[in-house]
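The next block holds one structure in the form of structure tokens; read it before the comments.
The values are calculated or read from the model by the stated rules, or taken from the named source; none is laboratory data. Bear in mind that the values here come from a model prediction, so they are computed numbers and not experimental data. Every residue, glycine as well, gets a Cβ built from its backbone with ideal geometry; the counts of neighbours run over all protein chains shown.
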């Protein structure tokens, strides 16, 4: 083989190597830029500045467009506590969505509908708990107590929506009560 051929081949391999490296770096830069923009939009929509919490919210597919659905996570968890979601619980959840101002064409409402079709992963409740912990540190005692009372009241309403037989008997199952207790402890 000639020196010229070997030199040309070496140069071509080097160029190919560096082209792949450049493509990888460019892809990483774009991913970082997109993630940063998403975190900034999520932060602006939610008021959250904690980077770890923003990452958790993003990991469970919450965005600036769907952050309003986060307020319904405890209600969804109570509804799914016994492993099924019945028509009364579904109706109560949709009424709660209307109460917090979600329009049926919003991304948050669509996310809620997905949670009504399929139980969300446990990671979503853990993310909500982290959110409440940070939120509780930023609110005064009275605001935190009001938020807790409102949320637990709405969650209890979901639990009672399908409870008992013909309105008789125990209205809240033990599984629902366990979730209600877990929600209450998130404020501690």
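What's the total number of residues in region 78-113 that are surrounded by 13 or more Cβ atoms within 10 Å (Cβ to Cβ) and within 30 Å of residue 37 (Cα to Cα)?
The total comes to 11.
Considering only region 111-124, how many residues are part of a helix (DSSP H, G or I) and without any contact (Cβ under 8 Å) to a residue 12 or more places away in the chain? Spell out the reasoning first.
Just the residues of region 111-124 that are part of a helix (DSSP H, G or I), to begin with: 111-117, 122-124.
Restricting the remaining residues to those that are without any contact (Cβ under 8 Å) to a residue 12 or more places away in the chain gives 113-114, 117, 122.
Going through region 111-124 one residue at a time, the tally reaches 4.
Would you mind finding the one in 182, 176, 160 that is buried (at least 18 other Cβ atoms within 10 Å of the Cβ) and under 14 Å from residue 81 (Cα atoms)?
Being buried (at least 18 other Cβ atoms within 10 Å of the Cβ) and under 14 Å from residue 81 (Cα atoms) holds for just one of 182, 176, 160, which is 176.
When you scan region 65-89, how many residues do you find that are closer than 21 Å to residue 122 by Cβ and assigned to a helix (DSSP H, G or I)?
13
Based on what the data block shows, is residue 116 at pLDDT 75 or above, under 23 Å from residue 132 (Cα atoms) and crowded, with 17+ Cβ neighbours inside 10 Å?
The answer is yes for residue 116.
So the check is Cβ under 7 Å with 6+ separation or different chains; which pairs have a first residue in region 139-165 that's under 18 Å from residue 79 (Cα atoms) and a second one that's part of a helix (DSSP H, G or I) and modelled with pLDDT under 90?
As it stands, the answer is 154/96, since those pairs meet every condition given.
Applying the selection to region 96-107, what residues are in a helix (DSSP H, G or I) and closer than 23 Å to residue 182 by Cβ? Give the derivation first.
In the first step, residues of region 96-107 are kept if they are in a helix (DSSP H, G or I); the result is 96-99, 107.
Selection gives 96, 97, 99.
Quick check: is even one residue across region 47-64 modelled with pLDDT under 70 and assigned to a helix (DSSP H, G or I)?
no
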